[in-house]
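Student: Dumping the structure here so I can ask a few things about it.
The values are calculated or read from the model by the stated rules, or taken from the named source; none is laboratory data. These figures come from a predicted structure and were not determined experimentally. As a convention, Cβ positions derive from the backbone with ideal geometry for all residues, glycine included, and neighbour counts pool all protein chains shown. Areas reflect the complete protein model, heavy atoms only, side chains present, ligands, DNA and RNA absent. Shrake-Rupley method; radii C 1.70, N 1.55, O 1.52, S 1.80 Å.
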Amino acid sequence: YFLDKSDKYDSRDVERLQQDDKWVENYLIWRHDVVDDTLKMIDESFQWRKEYTVNDLSESVLPKWLFEIGALFLHGYDKEGYKLFWFKVKHHTRDPKQQLDKKKLVAFWLEHYAKRDHGKPLTVVFDMAETGISHIDLDFVRFIVNCFTDYYPNFLTKIVIFEMPWIMNAAFKIVKGWLGPEAISMLKFTNKSDIQEYISGEYLPPHMGGTDSFKYSYPPLVDDDFQTPLCENGPITSEDEHESKEEMDADTKETGELNEPQNVNQKKMNSIEQISKSEETDKTEVKPKNAKKALTTFKGPLLHISPAEELYFGSKESGEKKCLIVLTNVTKNVVAFKVRTTAPEKYRVKPSNSSCEPGTSLDIIVSLHGGFAASLQDRFLIMAAEMDQSSGAGAPELTQFWKEVPRTKVMEHRLRCHVIESSKPSSLTLKDNAFNIPAKTNEDLHIQLTHLLQINKRLEEQMNRCLWFQQLSVVLSLLSVTVAAFCFYLANAQRS
């Protein structure tokens, strides 16, 4: 394919395919590990990606009014923790002149999310409330379907269709014809009474029976609604009444003890590996009792962040309420950072807005506040930017710095929350916890189960083919014996 059509591909996609095993695996999973079908899908999706200039799509190259109408956007999560991709059908009207721009908007959102969350699957929501015949645009719907079936492999969990008008039944029968049997099983037709089987009320607008007060507006782009500032002592709410003054004093003392050895270690440590060695040798160093040791590392241009993807909290029963994030400055300048979250009422972060010296590492303690429990929908955003050496690193300087720094120079990295039902006794050391690799997530198990079912299906098909060939060979053998016997008979008849 590459030799014949290299001019039809974007070199950036080819390079990524050679380096990103997860991307290759998603193509294989989506095409049931049939290599020829997988190659064909990669070829088609790569040609489409170049035609639509997917790698170069940005807010500046698309008409502003497309973002302002709010027909397409990402917001909220379903009950399984998958991001919701909303299509407000009432804001869409057929117009051949605008069709290409609208399709590029779909590609923009999908690519924006795929790069940000490393291709974690989406749930598509077609909100068809207050829609009629004028909003039916089968070509556009088919494009959205094709994006998931042909261009973005293993990227779709389900399509939730809310209050589809009866007049559109015929149209969706056509849509079903475009989907394979597996994709058809992903269609969920819902109304106000049953949509909460898939999406909880906190992420549903009032007209769907939910309590989400979110109102779409642009600019800026709709994001995960990360909020700032995130208070180091937790939010000032009634939850504070549940914590005694002694506990607050203990937290303050713990932070002081934590910072004291940390300042000494910063001069000595240049990597997360060195931190691990220090933890093993220096048993007097104070760490949060239940903080999980970082197991993986995201290697960004400014900071290495560990863990790379998920913070592991315990459930209310298990009682683990603290996690550790380790930042390592890999630049030659001071790096300012701040931490945001989608649920500031739940968490306290120490420190949440500070700076990291060149070549040093810094521990951030994330702890659940009061009686709250972590949720799969909670997200954290770490923002980082290089500071001039002449700039100070005090609170006023940091505040001014974040007001002036260009967004293009800000590194962003997102972390999800993961809730584990059981935890090891608090007496275990961090060294023990290093081998306490978290159990597989439901998503991983689902992928493995799907993979096994696909292998089983292929084995059945191979067995059926073998049986068919066996039956064919028996028939051909009988036929050849019959022909031979008939020829022998004719030969004897001619002699007589």
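Student: Can you give the accessible area per residue of segment 298-418, in Å², using a 1.4 Å probe?
Tutor: Details: 4590 Å² over 121 residues.
It amounts to 38 Å² per residue over segment 298-418.
Student: Further question: Roughly what % antiparallel, to the nearest 5, for the DSSP beta bridges in segment 33-145? Mind dumping the intermediate values first?
Tutor: Details: 4 of 10 bridges.
Here the antiparallel bridges make up roughly 40 percent for segment 33-145.
Student: Which order do the peptides 477-483, 91-97 come out in when sorted by mean C-beta neighbours inside 10 angstrom, highest first?
Tutor: The peptides rank, most packed first, as 91-97, 477-483.
Student: Still on this structure, please answer the following. For SER355, enumerate residues with amide H under 5 Å from its amide H, sequence gap 5+ or separate chain, H modeled in the peptide plane.
Tutor: For SER355, the qualifying residues are PHE337.
Student: Tell me, what % of the accessible area of segment 11-54 is carbon and sulfur with a 1.4 angstrom probe? Each step should come with its number before you reach the end.
Tutor: Values: 1190 of 2430 Å².
Carbon and sulfur atoms account for 49 percent of the accessible area of segment 11-54.
Student: Which of the GluC sites (Glu not before Pro) found in segment 443-496 are in a DSSP loop and have at most 16 neighbouring Cβ atoms, other than their own, within 10 Å?
Tutor: On the way: sites: GLU443, GLU460, GLU461; in loops: none.
The qualifying sites: there are none.
Student: Filter the cross-link list LYS83/LYS409; LYS158/LYS322; LYS79/LYS346; LYS40/LYS97; LYS50/LYS120 down to pairs whose alpha-carbon distance in this structure exceeds 24 Å. Please list the in-between numbers first.
Tutor: On the way: LYS83/LYS409 26 Å; LYS158/LYS322 33 Å; LYS79/LYS346 19 Å; LYS40/LYS97 31 Å; LYS50/LYS120 22 Å.
Too far apart for the 24 Å limit: LYS83/LYS409; LYS158/LYS322; LYS40/LYS97.
Student: Just check segment 298-418 against the gyration tensor rule for me: Cα atoms, a ≥ b ≥ c as the square roots of the eigenvalues, rounded for a/c under 1.5, and otherwise prolate or oblate depending on whether a/b exceeds b/c. Can you show the working numbers first?
Tutor: Details: a/c = 2.22, a/b = 1.89, b/c = 1.18.
In terms of gyration-tensor shape, prolate.
Student: Heavy atoms only, probe 1.4 angstrom, no DNA, RNA or ligands counted: give me ARG465, ARG458, ARG416 ranked by accessible area, highest first.
Tutor: Of ARG465, ARG458, ARG416, the descending order of accessible area is ARG465, ARG458, ARG416.
Student: Continuing with the same structure: For a quick check of understanding: with a 1.4 angstrom probe and all protein chains in place, what accessible area in square angstrom does ILE195 have, to the nearest ten?
Tutor: Answer for ILE195: close to 0 Å² accessible.
Student: Would you mind classifying segment 11-54 by shape? Square roots of the alpha carbon gyration tensor eigenvalues, ordered a ≥ b ≥ c; an a/c under 1.5 is rounded, otherwise it is prolate if a/b is larger than b/c and oblate if not.
Tutor: Numbers: a/c = 2.41, a/b = 1.40, b/c = 1.72.
Oblate, because a/c is 1.5 or more while a/b does not exceed b/c.
Student: In debye to the nearest 20, how big a dipole does segment 298-418 give about its Cα centre with +1 on each Lys and Arg Cβ and -1 on each Asp and Glu Cβ?
Tutor: Values: 16 positive and 13 negative charges, 46 e Å.
Dipole magnitude for segment 298-418 comes out near 220 debye.
Student: Turning to a different aspect of this structure: What FRET efficiency comes out for the pair ALA373/LYS409, r = Cβ-Cβ distance, R0 = 22 Å, nearest 0.05? Walk me through the numbers on the way to the answer.
Tutor: Values: r = 36 Å, r/R0 = 1.66.
Once rounded, the FRET efficiency stands at 0.05.
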